[in-house]
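Engineer: First the structure, which I've put down as structure tokens, then a few questions once you've had a look.
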2 protein chains.
Amino acid sequence: MATPAEKHDVFKAISDPTRREVLRLLAENERPISEIADHFDMSRTAVTKHLQILTEAELISGRKEGREKIYQLHPEPLTEVKQWLSYYEKFWENKLSMLKHLVEDEK
Amino acid sequence: MATPAEKHDVFKAISDPTRREVLRLLAENERPISEIADHFDMSRTAVTKHLQILTEAELISGRKEGREKIYQLHPEPLTEVKQWLSYYEKFWENKLSMLKHLVEDEK
DNA sequence: TAAACGTACAACCAAATGGTTACATATTTA
DNA sequence: TAAATATGTAACCATTTGGTTGTACGTTTA
């Protein structure tokens, strides 16, 4: 059967362009919600919902600091995507990458 | 701004567990629709819709052969996901992987 | 040629998704 | 303390998503 549609679905989380942009912003710096929202042409509420989805996927986390809530990136769950992708790499990659696979397998 | 929500959105295409399973099936073998549908607990029509989405993302293609339509995998668009991921790898990977990055950059 | 097979497609549906506005609450700051 | 700032949250909405059933149509095959 297919991979179960988990509560913390990282594939679903990264399927939205807005959420990918949020990840990129947080890769640069941790930021409060309002600063994140400033980068988008949508309401702060809408951005907050995206932050919740990313939080459920454990790709980000927020801490309260005074009246602000500061979000930071946690890229670890992306390894699941990387592992999934690695299965398909052999179908398209070249010899240089084959070498890379050998290195990978040494882990 | 965010990555445009393209017509052929590979991130959206792979966000669904059923579609990821279809890709896995086609990675093994090219198959007609009915054979793909047999692997799922849903109607053939529903599976066909997933095949259309994967086709729009150019991850698969189908050819008519007699009364069958045979689908095959085209994994190339997954490189977009791989490239996107590579930006985040530096945040989590270890030194062995750093070496791998050096090799990668030689391309 | 009649029946079975494989697919295409229209119409419909419930739930999820991605957005909104309005208002409440907590924290600084003037 | 009053005002401004930052966030939380409820209620609502349109569209998309992921599924269904029913029917039609081309292709074997008995």
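A short reminder: the numbers here are calculations on the coordinates, not readings from a lab. Note that the structure is a prediction, hence the values are computed from the model and not measured. With ideal geometry, Cβ positions are generated from the backbone for all residues, glycine too; neighbour counts draw on all protein chains shown.
Engineer: Please compute the net charge surrounding A:Glu68, taking Lys and Arg as +1 and Asp and Glu as -1 over other residues with Cβ under 12 Å from its Cβ.
Structural biologist: Its environment carries a net charge of +2.
Engineer: So which residue of A has the beta-carbon closest to the axis that swings A onto B, and how many whole Å away?
Structural biologist: Residue plus distance in Å, as requested: A:Ser15, 2.
Engineer: Let me ask something additional. Net charge around B:His39, counting only other residues with Cβ within less than 10 Å of its Cβ (Lys, Arg = +1; Asp, Glu = -1)?
Structural biologist: -2
Engineer: Considering only the label points, 7 Å along Cα→Cβ from Cα, what distances in nm to one decimal separate B:His39 from the same position in each other copy, shortest first?
Structural biologist: 3.7
Engineer: Then there is this: If you put a point 7 Å past Cα along the Cβ direction, how far is that point for B:Arg63 from the same point in each other copy, in nm, smallest first?
Structural biologist: B:Arg63 label point versus its equivalents elsewhere: 5.8 nm.
Engineer: Modelled label-to-label distance, A:Leu85 and A:Glu35, 7 Å Cα→beta-carbon offset: nm?
Structural biologist: Taking the two extended label points, one gets 2.7 nm.
Engineer: Is there a pair in A:Lys82/B:Lys64; A:Lys49/A:Lys82; A:Lys64/B:Lys82; B:Lys12/B:Lys69; A:Lys69/B:Lys49; B:Lys12/B:Lys90 whose C-alpha atoms are over 32 Å apart, and which pairs would that be?
Structural biologist: In this structure, A:Lys82/B:Lys64; A:Lys64/B:Lys82; A:Lys69/B:Lys49 exceed 32 Å between Cα atoms.
Engineer: Still on this structure: How far apart are the B:Phe91 label points across copies, placing each 7 Å from Cα toward Cβ, in nm, shortest first?
Structural biologist: 2.8
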